[in-house]
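Rule-based calculations on the coordinates, nothing more; no lab input. Fair warning: this is a prediction, and the values are worked out from it, not measured in the lab. Note that we place each Cβ from the backbone using ideal geometry, even for glycine, and neighbour counts take in every protein chain shown.
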Amino acid sequence: MKITFKLNGRDEEWEVEPGANLLDVLRENGHTEVKRGCDTGDCGACTVLVDGVPRSSCTMMAGQAQGREITTIAGLGDALDPHPLQQAWVEVGAVQCGFCTPGMILSAKALLDEAPMPTEDQIKDALSGNLCRCTGYVKPIEAIKLTATRLNNDKGVTDA
Amino acid sequence: MGGYFPWVKRYLRPQSLDEAIAAMNEFKDAAAVVAGGTSVAMRLPRRVEVLVDLQDLGLDKVQVTDAGLKLGAMANLRKVEKAAAGAWGGVIASACSTVGSRLVRNAATLGGEMAAGLPWCDIPVLMAALDARVSVSRPDGEEAVSAWQWTSQRPSDILGSGVITRLLVPGHVANEGAGFYKVMRVQGEYGAAVAAAWVRLDEHDTITACRLVSGGVSPHAVALNYAQDALVGSKGDDTTLKYVASMIEQRFKPASDPRFDRAYRQKMTGVAAKRAVQQAIAMAKGGR
Amino acid sequence: MPDKDYPKLGVVGHSVKKVDAFGLAAGAPVFVADEIPRDCVYMAMVFSPHAHARILGIDASEALAMDGVLAVYTHKDVPRVIHTTAGQGYPEPSPYDTYMLDDKVRFVGDRVAAVVATDRHLVREAVKRVKVEYEVLDAVFDPREALKPGAPVIHDEPQARMPIPVTYDPKRNLAAHVEAIVGDVDAGERDADVVVEGYFYHHQYQHSPIEPHVCLAWPDPNGRLIIKTSTQVPFHVRRIVAARLGIPIRQIRVIKPRIGGGFGTKQEVLLEDIAGFAALQLKRPVLFEYNRTEELRSSRTRHAMYIRMRAGAKQDGSLSFIDMHAVMNTGAYGSHGLTVLSNTGSKTLPLYRWPNIRFIGDTAYTNLPVAGAYRGYGGTQGGFALEATMDELARKLGIDPVKFRRMNHIREGQTSPIFEALGEGKAGVPQTVNSCGLDACLDKGADAFGWDRPIPKRVDGPIRRGKGMVTLMQGSAIPDIDMGAASIKLNEDGSFNLLVGATDLGTGSDTVLAQIAAEVLHVPVEKVIVYSSDTDLTPFDVGAYASSTTYLSGMAVKKAAEKMRDRIFDVAARLSGVPVDELVLTDGAVQAGDKGLVTFERIGLSTLYEKDQQQLIATASHIVHQSPPPFSAHFAQVAVDTETGIIKVERYVAAVDCGQAINPALAEGQIEGAVVNGLSAALYEELRYNEKGALKNKDFDTYKIMGTMDLPRIRTILVPTHEPTGPFGAKSVSEICINGPMPVISNAVYDAVGIRLREAPFTPEKVLALLRDKGY
């Protein structure tokens, strides 16, 4: 069957099997920025934004993407033009092996869109589905706080 | 592992409720609803050849009305957690917040929780305690089923090929309170035990009516009738609650699973019930 | 404390950005499975459903009849070379007890047959169609039972052997035995005023890197075998695969791309042999990746261990003796079965000045999934028993646990007989502690935690709060065994290529090594381009294990960079006419007296294009003769729900002496990651089996690892010291802190409710049972 959707801002029309999940379909189409860690919706490595809301793509049927706007980490920025969250992640040392990082950053992006100055509890809640075995979460949480402060300062300057 | 179901032949996206119901009724056992997708995309029986995705039906609204809280079946748990308002909003949000991680709650829907019939579905436990009405659409019309029915039947037997469209949580009356408690080591995991309670007090803080439901340990919610009987007429004091908890421990026969052993779950069902009742009483008193 | 040759540090000691971080943060296709060749085929394994069985027959006809199934390999099809999967020095101190495929299976999840097909879903279907006939044998799961006469013999193959001269008796299921005796424990006991005694159990859990094991193997156009694999030990992979396939080492190239975490489980050769075999047979790229269930069950795990402890002290707080007896479960194969056992003593006992010591350990084969290297490596198991015992001694003596540690811990200039008595497969190496910041760790940690202040709301409904502390040590590299090497070459823009065998598995070692080279050469870290772990292109390194990379490979890099500096001086002297001893290194250039600056760019251009052309390149190797311990003090506050038995860790402080932190942010990251891994293991994680030895918690639904919601407030404190034998004073940091959480929770729970948790993990069931006994 065909699905039409927006992927990182571009219109896409893909032929997919009706019984396929979104993670498989994304990776088979070259979107390996979406990582695979558990296949049961428990690790968050395969997080994508669906209309701005983070969810695991391994426990989502490909058909559910129909008409939606899907954002992967590639839709945020790349090594040469990083998103402020990617920048902060690198600066505070929140990237270790980096396998969980794309998913975590996408969860963080959705959080900051909803709560520009999140509390620590809000940050923990937002990252609750993204497992990381390397960092102990301390530096990723710090990276989100840093980004929030920066974005709000920037906003303050433009507003003034 | 990892939802890939080559045996699925069709993926339907009905544009109206009638179309959805017709499809469910045509394919019956060979059809499954895709609500949030979190259960379906993980495990799907080989008999299911048609997936019916309900996302285009606009069933995800959360509204506070005079009749009570109207919760669209396709509203995801995160949305419910944020939007649930009114007197019962707090306990509903608190229950939703214990289900899985944020990534799960962003996907899993209220209707999916009611329909899945898995031991770890916590929402039916609370909905039964709140005596919510579940709107089920069938070819011959819409039926309002009491969520209390979830305490005696498997969801699949209640629903058949019907589609859940909405839940209505009745309005709050003075002196009523509800509570929800889940015993878990890791936030969001499937609980060792889950309980939800609803109470009504008289002017002397005596419990005049009570619903107490346990979950997390069997394929459907379980009404703790004997405990309810023991609570009515009491003030829910420590001695009564201790008695109720020990009664549950003696009578309740939960299943074992890879994380918690049976004896522990049995004991925790009592603790969860006690704590849910304590919350309910506190709410009922506080609402005065 | 400055290094005498480098009084002022410009790059080292600074939290420079991790060199590969932007690509990783952008999700770049840098992991093995991210770039699949067009003609790639997929391998999946038929795994044993029985804990112990002989394979009578395998019928693959139905699988082979499926369209797209290319091959099914059984023990009859592959080379039969006995080996170990453990990627350690050569000869490995692990028994040779494993075949690529065997006619016997020894645990539920053991290899039976390999299937290759054109599609990753299809191959999983085909696996289900392979029919295997088994003769089921009696199985044994408890290591204490396995060592008893009459237990089922797991390795009855006559070829099973230990490649080094140590005790090994597979007929008794004995995979290893270790003994170290110092002084006379019986005399020590007679001398002691107080004696404590108890059994401890450290359970089995799994590393759970978010990227499971994965390997891509293909033949190059000339028939060489290229293996791109998620490994901690690329050079060991090359050697071991060559031996298993019976082909020369020169025919194999191993490439390590970015790795999605390892923690020890990727110190094993688990996929590469058979994927490589299939790639050569089929002449196509073969991808073999584990799913989460396979990672949990069929990779490697923490060695479970029973430890019996007896220890005594005098009323004045001085120590009298310690008697430690460990029985370790290595599972169906003996990977790291000797060395983890010996490290149970060697990475714990030297921490305190025991006059009399007895350490005896046995490692048993059982029919459970296989244990292997895991961050902490014996120090975790031994540390649990030791630190809980120290807490018991302190309580019995009525001495504050911090003060008790202060009275007895090892200090600079002191030695422990254990350093010499316990090695890794051979005798240990005597060493004196050159650097020890443990007193400062205790000071700063206790201060940050508020050790001397009462705990707020100690009793709160059913909740009881308490505090606990521990001290810890580990090592840095394996003395006289490990070797790391590095090459560095100059480019015409004044930048350098740093080629290292060392393996960055996400730890940041590429960055740390680049910082070391940049410091020596007076350039910013951006001018050092690191390429690591490619057996065709980089020098040798043993790999990422034993807390060795910064300390060992870092010194190789420092030496190589210093050689390069000397080559640069030679050229600068020729170009400027100023003698070498008058030259000074400055930022990216050589200051040649009053002749001005000779830039590295000028030197690079000159040597590559102008005159007497040559490539400036320098290589250095490094071995170490000691393994300086990092030290650490941990403090934690717990809340115990006395009705549910659920423990929450609320606050955690880790103060760590890792010598000079080359990159403080990355060092903190190692500490924080290790602490959370340790907390998760102590509280939540355990591989659980049914009565037939089949794993029950096979996914992250039921095998829970700690996420953000249960995270305590964690405070990390780096306590700087200077280790004279390490690069710029550095010691290791990666492993030590995983050893803290289990004993610190045990000690804090005792403080809260007076029960001693001796069996990990600390499940609510166990806690509740002990609370009931205590009258709660």
**Asked** Excluding same-chain residues fewer than 8 positions from B:K267, which aspartates and glutamates have a Cα within less than 20 Å of its Cα?
**Response** B:D122, B:E189, B:D229, B:D237, B:D238, B:E249, B:D257, C:D641, C:E643, C:E765, C:D773
**Asked** In 20 Å bins starting at 0, how do the alpha-carbon pair distances of chain C split up by percent?
**Response** 17, 48, 30, 6, 0
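Averaged over its residues, how many other protein chain Cβ atoms are within 10 Å of peptide C:665-672's Cβ atoms?
On the way: counts 6, 4, 1, 6, 10, 4, 2, 8.
What the average comes to for C:665-672 is 5.
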**Prompt:** Where does each of C:468-476, B:166-174 land if you order them by average Cβ count within 10 Å, highest first?
**Reply:** C:468-476, B:166-174
**Request:** May I have the pair-distance distribution P(r) for chain B, computed from all Cα-Cα distances with 5 Å bins from 0 and rounded to whole percent?
**Result:** 1, 6, 13, 17, 18, 16, 12, 8, 5, 3, 1, 0, 0
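Write down the Kirkwood hydrodynamic radius of the stretch B:1-156, to one decimal in angstroms, obtained as one divided by the mean of 1/r over all alpha carbon pairs.
On the way: mean 1/r = 0.0619 Å⁻¹.
Its Kirkwood hydrodynamic radius stands at 16.2 Å.
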**Message:** Between the stretch C:543-614 and the stretch C:125-195, how far is it from one alpha carbon centroid to the other, in angstrom?
**Reply:** 54
**Prompt:** What angle, in degrees between 0 and 90 and rounded to the nearest 10, separates the Cα long axis of helix B:238-251 from the longest principal axis of the Cα atoms of chain B?
**Reply:** 50
**Message:** Running a GNM on chain B with Cα contacts under 10 Å, which residue among B:T65, B:T206, B:T165 ends up with the highest mean-square fluctuation?
**Reply:** B:T65
**Request:** Could I have the simple spin-label model distance between B:E249 and C:E420, label points 7 Å from Cα toward Cβ, reported in nm to one decimal?
**Result:** 5.8
**Prompt:** What are the extents of the Cα atoms of the stretch C:242-377 along their three principal axes, listed from largest to smallest and rounded to whole Å?
**Reply:** 72, 30, 28
**Prompt:** For the stretch C:363-371, in order, what is each residue's ³J(HN,Hα) by Karplus, 6.51 cos²θ - 1.76 cosθ + 1.60 with θ = phi - 60°, in whole Hz (x at glycine and Pro)?
**Reply:** 10, 10, 6, 9, 9, 10, x, 7, 8
**Asked** In µm²/s, what is D for the stretch A:84-154 at 20 °C and 1.002 mPa s, where D = kT/(6 pi eta Rh) by Stokes-Einstein and Rh is the Kirkwood radius from Cα pairs?
**Response** 183
**Item:** the protein assembly as shown - convex hull of the alpha-carbon atoms, volume per residue in Å³
**Value:** 189
**Message:** Using C-alpha positions alone, give me the convex hull volume of the stretch C:685-759 per residue in cubic angstrom.
**Reply:** 207
**Request:** Sequence neighbours fewer than 8 away in the same chain don't count; with that in mind, list the lysines whose C-alpha is under 18 Å from B:K285.
**Result:** B:K235, B:K274
**Cα→Cβ-extended label distance, 7 Å offset, between B:Y226 and C:E691, nm** = 2.8
**Request:** Would you kindly derive the ³J(HN,Hα) couplings of the stretch C:563-580 from the backbone phi angles with the Karplus curve 6.51 cos²θ - 1.76 cosθ + 1.60 (θ = phi - 60°), listing them in order in whole Hz, with x for Gly and Pro?
**Result:** 5, 4, 4, 5, 5, 4, 4, 4, 5, 4, 5, 5, 6, 9, x, 9, x, 4
**Request:** Convert 37 °C to kelvin, take the viscosity as 0.692 mPa s, use the Kirkwood radius over C-alpha pairs of the stretch A:20-142 as Rh, and evaluate the Stokes-Einstein diffusion coefficient in µm²/s, rounded to a whole number.
**Result:** 228
**Request:** For the stretch C:251-306 and the stretch A:1-71, compute the distance between their C-alpha centroids and round to whole Å.
**Result:** 27
**Request:** Quick one: order B:W150, A:W89, B:W88 by neighbouring beta-carbon count within 10 Å, fewest to most.
**Result:** B:W88, B:W150, A:W89
**Message:** Could you tell me the center-to-center distance, by alpha carbons, between the stretch B:164-203 and the stretch C:350-414 in angstrom?
**Reply:** 47
**Complete:** For the stretch A:2-75, the convex hull over Cα atoms projects on average to an area in nm² of 4.1
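Grab the beta carbon distance between A:L151 and C:D142, set R0 = 60 Å, and tell me the FRET efficiency rounded to 0.05. Please report the intermediate quantities before stating the final value.
On the way: r = 56 Å, r/R0 = 0.94.
Computed FRET efficiency for A:L151 and C:D142 comes out at 0.60.
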**Request:** Within a 10 angstrom radius of each residue's Cβ in B:180-187, how many Cβ atoms of other chains show up on average? Whole number is fine.
**Result:** 5
**Request:** Could you please rank B:M268, A:M117, C:M45, placing first whichever residue has the fewest other Cβ atoms within 10 Å of its Cβ?
**Result:** A:M117, C:M45, B:M268
**Message:** Based only on other Cβ atoms within 10 Å, what is the fewest-to-most ordering of B:K267, C:K148, C:K489?
**Reply:** C:K148, C:K489, B:K267
**Request:** At q = 0.12, 0.13, 0.14 Å⁻¹, work out log10 I(q)/I(0) for the stretch C:47-127 with the Debye formula, treating every Cα as an identical point scatterer and leaving solvent out; two decimals please.
**Result:** -0.43, -0.49, -0.56
**Peptide-level mean, for C:502-509, of C-beta atoms on other protein chains within 10 Å** = 3
**Message:** Given the -39500 (n - 2.57) contribution per DSSP H run of 4+ residues, what per-residue ellipticity at 222 nm results for chain C, rounded to the nearest 500 deg cm²/dmol?
**Reply:** -7500 deg cm²/dmol
**Prompt:** Amide H of C:N367: which non-local residues (sequence gap of 5 or more, or other chain) have their own amide H closer than 5 Å, using H built in the peptide plane?
**Reply:** C:V140, C:F141
**Request:** Return the distance in nm (one decimal) between the two label points of a simple spin-label model at B:S156 and C:D460, each offset 7 Å from Cα along Cα→Cβ.
**Result:** 4.4
**Request:** Can you spot the lysines whose alpha carbon is less than 17 Å from A:K155's alpha carbon? Ignore those fewer than 8 places along the same chain.
**Result:** A:K109, A:K145
**Item:** In Hz, Karplus ³J(HN,Hα) per residue of the stretch C:254-260 (6.51, -1.76, 1.60; θ = phi - 60°; x = Gly, Pro)
**Value:** 10, 10, 9, x, 6, 10, x
